[in-house]
Amino acid sequence: MSGSTPTSAPGLPDSVGILGAGRAGTSLARALARIPRLAPGTDAPRVLMAATRPPAALRHHLGIYAPEAEAMRPDQLAADTQLTVIAVPREDLDEIEVPDLVGPRTLGVVDLTNSWGGYGLPDDVTSFLPDVAGGSRPGDDTLAVAAWLRDRGVTVPVLRAFFDISHHDLDSAGRAEEPLRALAVGSDHGGEQARAALALLVAAMGYAPVQFTGLGRAAVVEPEGPGFGGEHTADELRHLLDTASSHLGW
Ligand SMILES: NC(=O)c1ccc[n+]([C@@H]2O[C@H](COP(=O)([O-])OP(=O)(O)OC[C@H]3O[C@@H](n4cnc5c(N)ncnc54)[C@H](OP(=O)(O)O)[C@@H]3O)[C@@H](O)[C@H]2O)c1
């Protein structure tokens, strides 16, 4: 890495599109903008954001809450970005245009959403819940979202990240030095390469990424999971994810 010239680290995504500019989406944009301070010599990725409101109205909002981010229409978000993050309420997922999430450079689509506060999946997504004897299990909603995205045309890996930290913490918990708070970064088998790129981004943001395979495991740190809301070290989070099946009663 050259001394005074900021640059993207090899493998670090150079651009992120975020669909949803509410609490989670704008705090993620701010956290990405802090990368040059937390990882000196590294450029922040370009951040593009879209919401239901038109770009002109969104631009005004971002000027206040995430000034480095660029306002776009949803159909422009993935045209030239390497990751697309879904940061809309789960109950509104059926209103997004899934094909817009993937463009020619997209490595993966990151699901940041949670089932939360009594709101769950829209009917369109519910039909993708795994059919498991004995009823629903923790993590099934997350599996259904991924299956629904694939069915609707997402051909790149579906990833899971930033769901296990509140927007408040995302604004303040990134650190340049140990001890680092751990964040989970997941994919299914086959998504390892995209997941590794996302993990580099999480590390540049001042967190310790803990990678896991099997999106349903995320439930240990989702709302109602045993590790939800905790500020885990990497070892603690790795243990939670490794032992997810016993914690979750699978
Ligand atoms: N808040 C947190 O601390 C946190 C932490 C982790 C995960 N999450 C998860 O993140 C998701 C978003 O939560 P939030 O708290 O950020 O919600 P929020 O503050 O209500 O923001 C929702 C955003 O989604 C946008 N949106 C809704 N439907 C859309 C559509 N069809 N197309 C494009 N944009 C759409 C809204 O657009 P407008 O701005 O135009 O209305 C708004 O910007 C939820 O699933 C939540 O569980 C939240």
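Quick look at the numbers
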quantity: Radius of gyration and Dmax over the Cα atoms of the chain, both given in Å; calculated: 17.1, 59
quantity: Efficiency of FRET from Cβ geometry, Ala79 and Ala56, R₀ 22 Å, rounded to 0.05; calculated: 0.70
quantity: Antiparallel content of DSSP bridges confined to the range 15-248, in %, to 5; calculated: 10
quantity: Additional length obtainable on full extension of the chain from Arg105 to His168, 0.36 nm per residue less Cα span; calculated: 19.6 nm
quantity: Farthest positive-ward along the range 153-205 dipole, Cα basis, beta-carbon charges - from Gly191, Ala204, Thr155; calculated: Thr155
quantity: Estimated 222 nm signal from helices in the chain, with DSSP H stretches of n ≥ 4 weighted -39500 (n - 2.57), rounded to 500; calculated: -8000 deg cm²/dmol
quantity: Accessible area per residue in Å² at 1.4 Å probe, computed on the chain; calculated: 46
quantity: Sulfur and carbon atoms: percent of accessible area, the chain [1.4 Å]; calculated: 51
quantity: Separation of the His189 and Asp151 label points, Cα + 7 Å toward Cβ, nm; calculated: 2.3
quantity: Cα centre as origin, Lys/Arg/Asp/Glu Cβ charges: the chain dipole, Debye; calculated: 640
quantity: Relative contact order of the range 52-199, pairs being alpha-carbon contacts under 8 Å that are 6 or more residues apart, as %; calculated: 19
quantity: Excluding exposed DSSP-loop GluC sites (Glu not before Pro) (at most 12 other C-beta within 10 Å), longest clean stretch of the chain; calculated: 1-96
quantity: Peptides ranked, highest mean first, by Cβ atoms within 10 Å: ranges 46-55, 26-35; calculated: 26-35, 46-55
quantity: Residues of the range 161-200 with amide N under 12 Å of a point placed 7 Å along Cα→Cβ from Ile64; calculated: none
quantity: Radius 9 Å from Cβ of Val185, net charge of other residues (Lys, Arg +1; Asp, Glu -1); calculated: +2
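The values are calculated or read from the model by the stated rules, or taken from the named source; none is laboratory data. Bear in mind that the values here come from a model prediction, so they are computed numbers and not experimental data. When we count neighbours, we look across all protein chains shown, and the Cβ atoms used for this are built from the backbone with ideal geometry, even at glycine. The area values use the complete protein model at the heavy-atom level, side chains included, leaving out ligands, DNA and RNA. Shrake-Rupley method; radii C 1.70, N 1.55, O 1.52, S 1.80 Å.
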